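The values are calculated or read from the model by the stated rules, or taken from the named source; none is laboratory data. Only a predicted model underlies this, so the values are computations on that prediction, with no experimental measurement involved. Here the Cβ is made from the backbone with ideal geometry for all residues, glycine too, and neighbour counts use every protein chain on show. Side chains are part of the model used for accessible areas, which takes the heavy atoms of the whole protein and leaves out ligands, DNA and RNA. Shrake-Rupley method; radii C 1.70, N 1.55, O 1.52, S 1.80 Å.
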Amino acid sequence: MFTLTQFPLPYSETALAPYISAETLNYHHGKHVATYIKNLNDLITGTKYADMPLIDIIKESDGTDQKIFNNAAQVYNHDFFFNCMRPADKKSTVPVKLADAFGGTDKLRDQFKAAALSVFGSGWAWIVRDGDEYKIITTANADTPIAHGMTPLFTIDVWEHAYYLDYQNRRAEFIDAVWDNLANWDFVAENMEL
């Protein structure tokens, strides 16, 4: 039987400071994500999902088994989110092709921030490729673009556990900090080629 294990962070717990603290990463990655992984492993034991890759579990459980979908999608979404960031001392620039699709880097940033701020409660803001078109979308709770046939390029987690220790209720400041200081545009460029 396949057992999903905790994926490592692509950087140290201190690498995102001062924008995201090691304490936040410890809780977010080390506790929240670990719980989703444990729950998923417990839920799929002895089921048809037991030997499936994570993305197949998400696609197969969407609309049929909400508990399995929620945990599988949250594992995927978080792994993707942590890869969308890079250490604070590394620099990266928005791919020109992506910026141009939204009328420039500033317009892309403004539209993305507005989408992330518009999420009511818990969820995600994404830049995705849908066919040949680039879009900014939001998803609620554990929902994920891969369940809708879209290719994720970039995301930000706007569940409160992603930022509350560092920013309390100041979601806008968290979004700015990630976009302006931590966004891993090299990872986004790789996703654009998928």
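A few notes on this one:
- In segment 13-29, the residues that are without any contact (Cβ under 8 Å) to a residue 24 or more places away in the chain, in contact with a Leu (Cβ under 9 Å, 6 or more places away or on another chain) and surrounded by fewer than 16 Cβ atoms within 10 Å (Cβ to Cβ): T14, A22
- Any hit, segment 133-153, residues being on the phi > 0 side of the Ramachandran plot and either at pLDDT 95 or above or under 12 Å from the mean Cα position of the chain (by Cα) (or both): yes
- Residue that is least open to solvent (accessible area, probe 1.4 Å) [pool: residues in segment 40-56 that are over 11 Å from A147 (Cβ atoms) and within 19 Å of the chain's Cα centre (by Cα)]: L40
- Failed item in (1) part of a helix (DSSP H, G or I); (2) touching a strand residue (DSSP E or B) at 6+ places or on another chain (Cβ under 7 Å); (3) open to solvent by 40 Å² or more (accessible area, probe 1.4 Å), with L194 passing the rest: (1)
- Residues in segment 140-185 that are assigned to a loop (DSSP other than H, G, I, E, B) and either of a type in the set (S, T, Y) or open to solvent by 10 Å² or more (accessible area, probe 1.4 Å) (or both): 11 in all.
- Test for A125: is it under 24 Å from Q66 (Cβ atoms), surrounded by fewer than 16 Cβ atoms within 10 Å (Cβ to Cβ), under 13 Å from the mean Cα position of the chain (by Cα) and at pLDDT 95 or above: no
- Some residue of segment 147-154 being polar (S, T, N, Q), touching a Leu at 6+ places or on another chain (Cβ under 8 Å) and closer than 29 Å to T35 by Cα: yes
- Segment 87-100 - residue that is assigned to a helix (DSSP H, G or I) and open to solvent by less than 90 Å² (accessible area, probe 1.4 Å) and, of those, farthest from L9 (Cα to Cα): A99
- Restricting segment 57-77 to residues that are under 15 Å from the mean Cα position of the chain (by Cα) and open to solvent by less than 40 Å² (accessible area, probe 1.4 Å) leaves a set whose member that is nearest to N181 (Cα to Cα) is N77.
- Yes/no for G103 being small (G, A, S) and assigned to a helix (DSSP H, G or I): no
- The listed residues are I137, I156, I175, I146, and the only one of them that is over 26 Å from D89 (Cβ atoms) and in contact (Cβ under 8 Å) with a residue 24 or more places away in the chain turns out to be I146.
- Each residue in segment 95-112 was checked for being β-branched (V, I, T) and either under 13 Å from V178 (Cα atoms) or in contact with a Cys (Cβ under 7 Å, 6 or more places away or on another chain) (or both), and 0 pass.
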